[in-house]
1. If I go through the stretch 226-278 residue by residue, how many of them are in contact (Cβ under 8 Å) with a residue 24 or more places away in the chain, surrounded by fewer than 21 Cβ atoms within 10 Å (Cβ to Cβ) and among the hydroxyl-bearing types (Ser, Thr, Tyr)?
2. List, please: which pairs have Cβ atoms under 9 Å, are six or more places apart or on different chains, and start with a residue in the stretch 279-292 that is within 17 Å of GLN325 (Cα to Cα) and end with one that is crowded, with 24+ Cβ neighbours inside 10 Å and of a type in the set (Phe, Trp, Tyr)?
3. Confirm whether SER420 is small (Gly, Ala, Ser) and without any contact (Cβ under 8 Å) to a residue 60 or more places away in the chain.
4. Tell me which residues, restricted to the stretch 206-225, are surrounded by fewer than 20 Cβ atoms within 10 Å (Cβ to Cβ), in a helix (DSSP H, G or I) and in contact (Cβ under 8 Å) with a residue 24 or more places away in the chain.
5. Quick check on ARG186: is it part of a helix (DSSP H, G or I) and among the basic types (Lys, Arg)?
6. For the stretch 160-182, name all the residues that are farther than 26 Å from LEU234 by Cα and either surrounded by 17 or more Cβ atoms within 10 Å (Cβ to Cβ) or modelled with pLDDT under 95 (or both).
7. Given the criterion touching a Ser or Thr at 6+ places or on another chain (Cβ under 7 Å) and over 30 Å from ALA205 (Cβ atoms), identify the matching residue among GLN310, GLN263, GLN269.
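The values are calculated or read from the model by the stated rules, or taken from the named source; none is laboratory data. In this text the structure is predicted, and so the values were computed from the model without any measurement. Cβ placement follows ideal geometry from the backbone for every residue including glycine, while neighbour counts extend to all protein chains displayed.
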Amino acid sequence: MINNASNQGGDHAASPSTADTMRRAVALHQDGKLAQAAALYLEIIAAEPDHADALHMLGVYALQSGDLQAALDLIGRATALLPQAATPLLNLGTVHKQLGQHDAALRCITQALALEPRHATALNNYGSVLLAMQRYSDALPWFERALDVDADDADAWNNLGNALLELQRHEEALLCLDRALRLQPRHLHALFNRGNALQFLNRSAAALDSYAAALELDPGHVDANFNMGVCRLLDGDLERGWPQYEWRWRKPAYASLIPAGAQPLWHGQCALDGKTLLVYAEQGYGDTLHLCRYVPLLAARGARVILRVQPALKTLLSVLPGAHQVLASDQPLPGYDLHCPLMSLPLAFGTRLATIPADRPYVHADPQRSAQWRARLGPAAKPRVGLAWAGSSGHANDRLRSMPLIALRRILTPAMEFISLQKELRTVDRLLLDGAGIGISQYAAQQSDFADTAALVAQMDLVICVDTAIAHLAGAMGKPVWLLLPFAPDWRWMLGRDDSPWYPSMRLFRQTRSGDWDDVLDAVARQLAQG
């Protein structure tokens, strides 16, 4: 927040010339002429080192310029000189927030609110820090208090919408974001968040419009570009979706995934004859299993493919057709000529719906391990159905895609033998499986890696699972798979279809209401009853 006042209660009286210089500096600052304003602030501080307003505003300039340490020092000095002023405390809180020092940010805002309890910006800022801490429920009342003070605060409406979005309250979020945009039609963050809300509601055309409006304001907005790409993939628009999906590499979380000293990136721009190409995992197990299908195609183009995957997948994929060498991600890399992350291979091949390579299984269970599992399970007296109901709890979308084991009781029938394919079991699920009467056998302790899981899957007549790595494993093996999808699915399952162009043996069962698995499981139970 930029403050217009030239003196907020410091213990010195500014000279007429200093006050005039300060007024000119603030006017320049508000006019966007930051460097000229900063020069005047420095001039004042050179003459009066403890000029609180100049220190504060120079700190604001540093904050706006991205020099957070300078901002911390300058605004911190100003708050010490102006202990009864709320605005420097709020700006100091903003610096702490951007430095990831959330507790310090909350302390600053608390001090500001002690001075001005109904300061709308302070209330909104407190909630925004809680948002950054992922304390979404705690943030809600702070935005509501801010709006009680100023019902026309577009920023507070946007933040309230964002908190509701994180709490999966998408319809309510959309109402708040629409209100923010009525107040401020060119609100970049509200346009972006509105696109997210619409995408979660499967209103992809409207979501694309909202992302496009955000990108008109900021064409380089990384998340808007990436999310727009995901939305296009969800719509089946692979041609325009794949290029925008590449915006993920501008996200900080992805930067560390590029191998150190990487050779040139391959996106299909040159021939591969005689070239050593490094292909590497960048996301989850399921993503690796999904797109390692391209490795045989790379080899067919003459590439010597080095495939680098998560350690738990190394043994299973060591016999992947077309892979010259398979390494775990914790092993050192040999030399190579080009590199391509797995999730960029569809772009490199120009993949469209009609050209998805899905004509045959490409992952196979080890015969010896399969024999061991056959012996362990014994002769099958009835059809065997493998179950997986939860993915990794650390997955960003786990609340939507996973379900509790107890929910699966409605599909269990004595006409079939049910076997858990889960390697990691949550506490209550383990309690259920260890108890009597649930009717599901479990072998979590016997699965050392995905090679063991694949050998167990090979013994199944059918796999029923939520959207986790098991779905991709069974699909890649060509096993019949019934996939249970949340209302807002991952992009690769698209919308409005009960099959998958990625896996011919897969059938999709979709939620009709967000969070409601009952209809899905009832449909599965009916299909099981039909044999």
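1. Of the residues in that region, 2 qualify.
2. Close Cβ pairs (under 9 Å, with a partner that is crowded, with 24+ Cβ neighbours inside 10 Å and of a type in the set (Phe, Trp, Tyr)) amount to LEU289/PHE450.
3. For SER420, the condition - small (Gly, Ala, Ser) and without any contact (Cβ under 8 Å) to a residue 60 or more places away in the chain - is met.
4. Result: LEU217, VAL222, ASP223.
5. Answer is no for this residue.
6. If the condition is that a residue be farther than 26 Å from LEU234 by Cα and either surrounded by 17 or more Cβ atoms within 10 Å (Cβ to Cβ) or modelled with pLDDT under 95 (or both), then LEU160, ARG179, ALA180 are the ones that fit.
7. Only one candidate qualifies: GLN310.
Residues checked against (1) in contact with a Cys (Cβ under 6 Å, 6 or more places away or on another chain); (2) crowded, with 24+ Cβ neighbours inside 10 Å; (3) in contact (Cβ under 8 Å) with a residue 40 or more places away in the chain:
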residue: ASP50; (1), (2), (3): no, no, yes
residue: GLN64; (1), (2), (3): no, no, no
residue: ALA80; (1), (2), (3): no, no, no
residue: PRO83; (1), (2), (3): no, no, no
residue: PRO88; (1), (2), (3): no, yes, yes
residue: GLN98; (1), (2), (3): no, no, no
residue: ASP103; (1), (2), (3): no, no, no
residue: CYS108; (1), (2), (3): no, yes, no
residue: THR121; (1), (2), (3): no, no, yes
